Amino acid sequence: MVKQDGLPKGYHPYNVINFCSNKLKNIQSLILFNKTDILLIGKGDCPKIWLRGVTKIDEKKFLISPIVKMNKSSDENFEVFLKKKSTIVISEKNVIIHAQERNKDEVEIIALDLRPIGLDIYGTMYALNVGNNVWQSNHAENLSSMLVIQT
């Protein structure tokens, strides 16, 4: 995964992403942290996931580490399972993300828990929790990113 101005090779975003009940149209990146993509979901036989973790080093420094690149785990603590039109990333029996393709233009995030990788972001198909905020049934379109975190 690379910075926002150079999305990874092989990444073709879905036209519609149902992100924990929030409907997104024409969104390039789901989560951006200090100008680096943390979560991307692209089209493929199964949804293709790119995922990075964030570790705080000190008040102003963060280490951003690749975890999954195009459905291939680069961290031995994470496994990627591909099922019929579905991609699931798991760590220590916990679902980090479960993406289910609805059709060739739409994907749904059924489960999400990024707390184990350093971000207080988690959700189900009914709501997205970001810190102390709950995002539910929102609509957005034509954005470069759904959630931007800048430190």
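The values are calculated or read from the model by the stated rules, or taken from the named source; none is laboratory data. Small disclaimer: the values here were computed from a predicted structure and weren't measured. Cβ: placed from backbone, ideal geometry, glycine included. Neighbour counts: every protein chain shown.
Observations on the structure shown:
- Unique match (being surrounded by fewer than 18 Cβ atoms within 10 Å (Cβ to Cβ), over 24 Å from ALA140 (Cβ atoms), in contact (Cβ under 8 Å) with a residue 12 or more places away in the chain and out of contact with any Cys (no Cβ under 9 Å at 6 or more places or on another chain)) among ASN94, ASN26: ASN94
- Note on the stretch 14-29: residues that are at pLDDT 95 or above and in a strand (DSSP E or B) amount to 9.
- Taking the criterion of being part of a strand (DSSP E or B) and under 13 Å from the mean Cα position of the chain (by Cα), the residues of the stretch 104-123 that qualify are VAL107, GLU108, ILE109, ILE110, ALA111, LEU112, ASP113, ILE121, TYR122, GLY123.
- Unique match (being surrounded by fewer than 14 Cβ atoms within 10 Å (Cβ to Cβ) and of a type in the set (Phe, Trp, Tyr)) among PHE81, PHE62: PHE81
- Count of the stretch 30-48 residues which are under 18 Å from ASN103 (Cβ atoms), assigned to a strand (DSSP E or B) and either small (Gly, Ala, Ser) or touching a residue at least 40 places away in the same chain (Cβ under 8 Å) (or both): 2
- Selection status of ASP113, at pLDDT 95 or above and either in contact with a helix residue (DSSP H, G or I) (Cβ under 9 Å, 6 or more places away or on another chain) or of a type in the set (Asp, Glu) (or both): yes
- Unmet criterion (only one of (1) in a strand (DSSP E or B); (2) over 19 Å from LEU51 (Cβ atoms); (3) touching a residue at least 60 places away in the same chain (Cβ under 8 Å)) for TYR126: (1)
- Residue within the stretch 49-59 that is at positive phi and either surrounded by fewer than 21 Cβ atoms within 10 Å (Cβ to Cβ) or touching a helix residue (DSSP H, G or I) at 6+ places or on another chain (Cβ under 6 Å) (or both) present: no
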